[in-house]
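Inspection log for the structure reproduced underneath, given as structure tokens.
The values are calculated or read from the model by the stated rules, or taken from the named source; none is laboratory data. Worth saying up front: this structure is predicted, and the values here are computed from it rather than measured. Glycine also receives a Cβ, built like all others from the backbone with ideal geometry; neighbour counts cover every protein chain displayed.
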Amino acid sequence: MKMQQQHIRRAIGMPLDRVDGRQKVTGSATYAYEYQVERGTYAFPVQSTIARGRVVEMDTSAAQALPGVVAVISYQNAPRLAHLDDADLAVLQSDAVAYYGQFIAVAVAETSEIARQAAGLVTVRYEEQPHDVTLRADPGVLYAPETVSPDYATDTEKGDVETALASAAVSIDHTYTTPTEYNNPLEPHTTVASWNDDGGVTIYDATQGAHSIRDDVSKAFGLPPERVRVIARYVGGGFGSKGSTHPHVILTMMAALVAQRPVKLALTRQQMFALAGYRTPTIQRVRLGADGNGQLTALAHDVVEQTSTIHEFAEQTAVATRIMYAAPNRRTTHRLARLDVPANAWMRAPGECPGMYALESAMDELAVACKLDPVELRIRNIPTSDPETGRPFSSHGLAACLREGARRFGWQQRDPGPRKRQEGRWLVGMGVASSTYPVYQFPAHALVQVDRAGQYRVRIDATDIGTGAWTVLTQIAADALEAPLDRVRLEIGDSSLPEAAVAGGSSGTASWGSAIIAAARKLRARLHKQYHDVIPDEGLEATGEGGTNPGEQQFSMHAFGAQFAEARVHVDTGEVRIPRLLGVFAAGRIINPKTASSQLLGGMTMGLSMALHEGGVRDPRFGDIANHDFASYHIATNADVGTVDVAWINEEDQHIGPLGAKGIGEIGIVGTAAAIANAIYHATGIRVRDLPITLDKLLR
Ligand code: MOS
């Protein structure tokens, strides 16, 4: 067939509906747990009820005697795993207990109900050891990790912070705290494992990256990676919690190995509070010094946070502070407490999200101290190059976002003083905060095929966790192939497809997209040169690589944004309402305005939830999270959310890769909580430095 040469409308930039939308709303999109497996069984775990110690006795006889039980597995009879760097994945390999809720056994049965009942019949005797689960800024127990996630320096220092702070015309010194927060994707963490006759295994998993699961489990079970196939075609949210391998994947595979039958496991919502990662609580001291004009002279951001005893995760909480504002004297530090708690991990904008709550609250306090408008204060302190590395920014949209946001939000009507506006019994205020997220790109490979009929297949192990990847990658491929959208069939979410990095770090669109573009260009060039645009009978294919960014060493690359909030606080009850939020972002080229808008809106809503509702309460006596369900761990619902406006400025960035896109999955949550805290201060004159801002903190 001769390829058509007519002009094709660009798909990039179109507000295309989700290509997987119909399947999702009609229930034909198959999520991991929904795969039918022959002779499938169900697993239900037994979790430790102590925070530290060891299991000295376990009686599984009653569980084993229950009709319908296929196997009960504990460390006494579990298959041995290879040694792993992540000790949390060494499931059932010893009698040691390192946190409350850790797997100590699993029951496998014909139905999930029987499995659950059997798990409940297992009795355990422990030898308990003293535990500590409470984060404190106590230098005696803190240590400096080698790096912070993913690979940043733990501390940075420039100039002389202490002297500059001591001599500053205006200074502030405050400590901000954030609680344990949970990702809580709507789809729980689920795994279906099915061993094949040849010793290989097929896994259906709710994950952000099939290849990364494949790599971890092949190591654990000593399998060549090609014997492991992981499928994750549709995923119901992750927010980072499905970005790394958690113990239940290993547990399910183990159960299937022992049972010699396929096994399905779905963590319950309550189990997810111990077993699927969470955001560390933080204690953040921020000190700012400025001259009479509000020009920063010194800035220090010292972070205290936690990690588990068996798996270090050092959240990069102060990293955004390194690039946000110019100040000749500056310091950032991270210190960890190693506690007897479950492993914390990635949660939407790890680092930037809690860190910018503290920095942007402090900037608001500085604006008050300097008697300067908080928008103006921020604009005055925008650096002309990266303040710590000296590299130029590849593009920098913060000032434009702040100005555009102020205009749209009606900022000029704001009386600068706090507690100036009251409507009935409601105090009304407006707040602002900056937002940022780095441009990450990770290696990706794609394969593009065209058949005789001119139909394209684009194959890449990308993952759509609800973000719109199915849709935007189809758009990117269509443009790169100069083909109409309906000629492009995308295949993603399968480790048998060409390898691509996890859906994380807001890197997916740019990384996967650039691999697709590279493959498409190769295919088109060959088709044109070798075949004069006539597709040979056997079709053609080409592979491409992407996700590496040559500009990375030369430029400082970040997306920016400005968040605005209106808060209403009831004078008598302290009840908080947020009728309006506005986020204006500069994130390079927007591939699909519809899915992009949903990503940013979702991020801001999650930020509102962080500001007002979310917080896990760890019980120091037992070490578990007391409010480990949706009845007691509050998440913003429709009634809590008012109008959320999302906008972006047109930003062209030549240095960030062929798409010019910066990533939008995480920046939406960054700064929202500070904007709300600042609005609440403006409404009430009360500064709350501890999230969430519940009404008890506003009753004076
Ligand atoms: Mo995101 S927390 O990088 O999956």
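Please work out which residue is farthest from D20 (Cα to Cα), limiting yourself to the range 493-512 and to residues that are under 20 Å from the mean Cα position of the chain (by Cα) and away from the ligand (no atom under 14 Å from the Cβ). Residue satisfying both the conditions and the ranking: A500. All told, V448 meets the bar of being in contact (Cβ under 8 Å) with a residue 60 or more places away in the chain and part of a strand (DSSP E or B). Remark: G120 falls outside the filter, which requires a residue to be at pLDDT below 95 and surrounded by fewer than 19 Cβ atoms within 10 Å (Cβ to Cβ).
From the list D302, D386, the one residue that fits, being farther than 15 Å from R279 by Cα and either at pLDDT below 95 or in a loop (DSSP other than H, G, I, E, B) (or both), is D386.
The rows are residues; the columns are (1) at negative phi; (2) among the hydroxyl-bearing types (S, T, Y); (3) modelled with pLDDT of 95 or more.
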{"site": "H634", "(1), (2), (3)": "yes, no, yes"}
{"site": "I656", "(1), (2), (3)": "yes, no, no"}
{"site": "E666", "(1), (2), (3)": "yes, no, yes"}
{"site": "N678", "(1), (2), (3)": "yes, no, yes"}
{"site": "Y681", "(1), (2), (3)": "yes, yes, yes"}
{"site": "T684", "(1), (2), (3)": "yes, yes, yes"}
{"site": "D690", "(1), (2), (3)": "yes, no, yes"}
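For the range 437-461, a residue qualifies if it is surrounded by 22 or more Cβ atoms within 10 Å (Cβ to Cβ) and closer than 30 Å to L359 by Cβ, and the qualifying residues are Y437, P438, V439, Q441.
Test of understanding: among L275, L288, which residue is more than 16 Å from the ligand (Cβ to nearest atom) and under 30 Å from K371 (Cβ atoms)? Step through it out loud before you land on a result.
On the way: L275 fails: under 30 Å from K371 (Cβ atoms).
From the options L275, L288, the qualifying one is L288.
For the subset of the range 214-235 comprising residues that are surrounded by fewer than 24 Cβ atoms within 10 Å (Cβ to Cβ) and charged (D, E, K, R), which member is farthest from N196 (Cα to Cα)? This residue is R233. One residue alone among I680, I686, I669, I664 is in contact (Cβ under 8 Å) with a residue 60 or more places away in the chain, more than 16 Å from the ligand (Cβ to nearest atom) and either of a type outside the set (D, E, K, R) or touching a Cys at 6+ places or on another chain (Cβ under 9 Å) (or both), and that residue is I680.
For the range 178-215, a tally of residues being out of contact with any Asp or Glu (no Cβ under 6 Å at 6 or more places or on another chain), within 16 Å of the ligand (Cβ to nearest atom) and not β-branched (V, I, T) returns 11. Looking at R261, is it out of contact with any Ser or Thr (no Cβ under 7 Å at 6 or more places or on another chain), charged (D, E, K, R) and in contact (Cβ under 8 Å) with a residue 40 or more places away in the chain? No: the conditions fail for R261.
Cβ separations smaller than 8 Å between residues 6+ apart or across chains give the following pairs from the range 454-470 residues that are in contact (Cβ under 8 Å) with a residue 24 or more places away in the chain to residues that are assigned to a strand (DSSP E or B) and within 16 Å of the ligand (Cβ to nearest atom): I460/A444; I460/A500; D461/A500; A462/A444; A462/A500.
It is to be established whether one or more residues within the range 370-391 are within 16 Å of the ligand (Cβ to nearest atom) and out of contact with any strand residue (DSSP E or B) (no Cβ under 8 Å at 6 or more places or on another chain). The answer is no; no qualifying residue exists. Is there a residue in the range 134-149 that is buried (at least 17 other Cβ atoms within 10 Å of the Cβ), assigned by TED's automatic domain parsing to the domain that holds W346, within 30 Å of A206 (Cα to Cα) and not charged (D, E, K, R)? Yes, some residue in the range 134-149 is buried (at least 17 other Cβ atoms within 10 Å of the Cβ), assigned by TED's automatic domain parsing to the domain that holds W346, within 30 Å of A206 (Cα to Cα) and not charged (D, E, K, R).
The set of residues from the range 298-356 being away from the ligand (no atom under 13 Å from the Cβ), of a type outside the set (A, V, I, L, M), in contact with a Gly (Cβ under 9 Å, 6 or more places away or on another chain) and under 28 Å from V502 (Cα atoms) comprises T317, T321, P342.
Looking across the range 587-629 at every residue that is crowded, with 24+ Cβ neighbours inside 10 Å and of a type in the set (G, A, S), the one that is nearest to L16 (Cα to Cα) is identified as A596. Checked against the criteria, T467 counts as outside the structural domain of A210 (by TED's automatic domain parsing), part of a loop (DSSP other than H, G, I, E, B) and under 30 Å from V488 (Cβ atoms). Look at L691 and say whether it is away from the ligand (no atom under 16 Å from the Cβ) and more than 23 Å from the chain's Cα centre (by Cα). Spelling it out, it is not the case that L691 is away from the ligand (no atom under 16 Å from the Cβ) and more than 23 Å from the chain's Cα centre (by Cα). Within the option set L497, L402, being touching a Ser or Thr at 6+ places or on another chain (Cβ under 8 Å) and buried (at least 19 other Cβ atoms within 10 Å of the Cβ) holds for one residue only, L402.
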